[in-house]
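Chemist: Starting off with a structure, shown below.
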Amino acid sequence: MRFHRLAAALAFGAALTGGAAAQTPSIPTFPNAIHADVAEHLNQARIIAGKENRQHFYRACIYSQVYPMYAASAQAPYLMPPIQVFDQVYWVGQGAISAWVVKTSAGLVVIDSLNNASQAQTILVAGMVKLGLNPADIKYVLLTNENADHIGGAKYLQETYGAKVMASAPAWAAMASAAGAPMQDIVLYDGQRSTIGDVTFDFTLTPGVTAGALTAIFPVSDKGTRRMAAFHSGLAIPDSAEGKMTQIDSLAKFATVSQAAGVNVLMSAYGSEDLSVYGHDLLRHRRAFSRAPKSAADFQDPHPYVMAASGQYQRFLQIISECTRVAAARNGQVLPR
């Protein structure tokens, strides 16, 4: 779905630059929309969002649905510099898709692997080197779903560095017939807990964007201040009514899981979803008080990935659920309550 949006954006740009004879395309008009349902769920999402999650509401309910040609530009594959996001967490992706590295006492865990071996080598690995990480220390590659933009570089990392690849059982089943997929190593199951060195990961199957999608919860720290992060495999809205209900059910399930775990950090496979496209610049310009920053308390600016308000992460999931219902109503789909 994201690549369809990117293609639309490129076509849109071509139309604008194609000369006087080119016709400017129109935004979607949704002729089959159930307007009362759109209004109900759109405004319910707005109320849930309040001020703290307003940007997520705008993105998921309006921008990506009504203006997909513009939303796609936020996922264009531009190169972005790598950055250390938390004490032991690093971002090494590109504009269209994120890849992350978690540093543990037993080696490095790479989360997702970009589109192909070339990007894994020239973007992911090169980014690690720029940040002072040794690619030879990669011990595991976690694939959060089976889409090509998540798994494309995994085989390269597996063969080059001997990394063990982890994915859910449905993801492995889908990858069995995928060209260039890694060899199966470790199967992850719903509710599984895996400890790698000094970091414990809790995995929850969250099908929706794909059948094998999973979400990982693990601790991070900001200048020594402990937080709890949830890395979601992707929150795109499925096309079919059945897919939308699967996504909504997964969001409700993970709301309960994330609340019990105390999740207060949003991370995603896409920079437009966790707002990395804004967060990186905020991190680079995060101001410290006059004393040298030794803890999170020494910064006058908050960490952009931390959802500081109580229950803010769960409200974020509720917004995505309501926006999924908005998308259904815009397209004339009636979902069970």
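Chemist: Check THR246, THR210, THR225 and return the single one that is closer than 30 Å to VAL66 by Cβ, modelled with pLDDT of 95 or more, among the β-branched types (Val, Ile, Thr) and surrounded by fewer than 22 Cβ atoms within 10 Å (Cβ to Cβ). Steps first, answer last, please.
Modeler: Details: THR210 fails: surrounded by fewer than 22 Cβ atoms within 10 Å (Cβ to Cβ); THR225 fails: closer than 30 Å to VAL66 by Cβ.
Being closer than 30 Å to VAL66 by Cβ, modelled with pLDDT of 95 or more, among the β-branched types (Val, Ile, Thr) and surrounded by fewer than 22 Cβ atoms within 10 Å (Cβ to Cβ) holds for just one of THR246, THR210, THR225, which is THR246.
Chemist: Got a number for residues in the range 118-166 being touching a Pro at 6+ places or on another chain (Cβ under 9 Å) and either among the β-branched types (Val, Ile, Thr) or surrounded by fewer than 17 Cβ atoms within 10 Å (Cβ to Cβ) (or both)?
Modeler: The total comes to 11.
Chemist: Go through (1) under 29 Å from THR324 (Cβ atoms); (2) not in a loop (DSSP other than H, G, I, E, B); (3) not acidic (Asp, Glu) one by one and return the number of the condition THR160 breaks.
Modeler: It fails just one condition, (1).
Chemist: Filter the range 106-117 down to the residues that are surrounded by 22 or more Cβ atoms within 10 Å (Cβ to Cβ), of a type outside the set (A, V, I, L, M, F, W, C) and over 15 Å from GLU159 (Cβ atoms) and list them by number.
Modeler: Let us first name the residues in the range 106-117 that are surrounded by 22 or more Cβ atoms within 10 Å (Cβ to Cβ), namely 108-114.
Keeping just the survivors that are of a type outside the set (A, V, I, L, M, F, W, C) gives 112-113.
The one that is surrounded by 22 or more Cβ atoms within 10 Å (Cβ to Cβ), of a type outside the set (A, V, I, L, M, F, W, C) and over 15 Å from GLU159 (Cβ atoms): ASP112.
Chemist: Can you name the residue in the range 47-105 that is among the small types (Gly, Ala, Ser) and assigned to a helix (DSSP H, G or I) and, of all such residues, is surrounded by the most Cβ atoms within 10 Å (Cβ to Cβ)?
Modeler: Pass one, the range 47-105, residues among the small types (Gly, Ala, Ser): 49-50, 60, 64, 71-74, 76, 93, 95-96, 98-99, 105.
In the following step, the residues that additionally are assigned to a helix (DSSP H, G or I) were identified as 49, 60, 64, 71-74.
Working: ALA49: 22, ALA60: 28, SER64: 25, ALA71: 21, ALA72: 23, SER73: 17, ALA74: 21.
Filtering the range 47-105 for residues that are among the small types (Gly, Ala, Ser) and assigned to a helix (DSSP H, G or I), the one surrounded by the most Cβ atoms within 10 Å (Cβ to Cβ) comes out as ALA60.
Chemist: Scan the range 306-335 and report the pairs whose first residue is free of Cβ contacts under 8 Å to residues at least 60 places away in the same chain and farther than 14 Å from MET267 by Cα and whose second residue is assigned to a helix (DSSP H, G or I) and of a type outside the set (Gly, Ala, Ser), with Cβ atoms within less than 9 Å and a gap of 6+ or a chain change.
Modeler: GLY311/GLN259
Chemist: Moving on to the next point. Pairs needed: first member in the range 77-92, in contact (Cβ under 8 Å) with a residue 12 or more places away in the chain; second member anywhere, among the charged types (D, E, K, R); C-beta distance under 6 Å; at least 6 residues apart or different chains.
Modeler: PRO82/LYS130; PHE86/ASP222; GLN88/LYS103
Chemist: Which is closer than 26 Å to TYR90 by Cβ, among the acidic types (Asp, Glu) and out of contact with any helix residue (DSSP H, G or I) (no Cβ under 7 Å at 6 or more places or on another chain), of GLU273, GLU242?
Modeler: After ruling out the rest, the residue left standing is GLU273.
Chemist: Assess whether VAL277 counts as being aliphatic (A, V, I, L, M), modelled with pLDDT under 95 and within 21 Å of SER98 (Cβ to Cβ).
Modeler: Answer is yes for this residue.
Chemist: Still on this model: Looking at (1) at pLDDT below 95; (2) surrounded by 15 or more Cβ atoms within 10 Å (Cβ to Cβ); (3) more than 28 Å from ALA106 (Cα to Cα), which one does LYS253 not meet, given that it meets all the others?
Modeler: Only one criterion in (1) at pLDDT below 95; (2) surrounded by 15 or more Cβ atoms within 10 Å (Cβ to Cβ); (3) more than 28 Å from ALA106 (Cα to Cα) is unmet by LYS253, namely (1).
Chemist: Oh, and also: Does any residue in the range 268-294 that is free of Cβ contacts under 8 Å to residues at least 24 places away in the same chain come within less than 7 Å, Cβ to Cβ, of a residue that is part of a strand (DSSP E or B) six or more places away or on a different chain, and which pairs are these?
Modeler: ARG286/PHE299; ARG287/PHE299; ALA288/PHE299
Chemist: Moving to a separate point now. Identify the single condition in (1) part of a loop (DSSP other than H, G, I, E, B); (2) surrounded by fewer than 19 Cβ atoms within 10 Å (Cβ to Cβ) that PRO170 does not satisfy, given that it satisfies every other one.
Modeler: Here PRO170 meets the rest and fails (1).
Chemist: Same structure, new question: What are the residue pairs meeting all of these: first residue in the range 129-142, first residue over 18 Å from LYS155 (Cα atoms), second residue β-branched (Val, Ile, Thr) and in a loop (DSSP other than H, G, I, E, B), Cβ atoms under 8 Å, and 6 or more apart or on different chains?
Modeler: LEU131/VAL92
The values are calculated or read from the model by the stated rules, or taken from the named source; none is laboratory data. No experiment lies behind these values; they were computed from the predicted model shown. Neighbour counts are summed over all protein chains in view; Cβ atoms, including those assigned to glycine, are modelled from backbone coordinates with ideal geometry.
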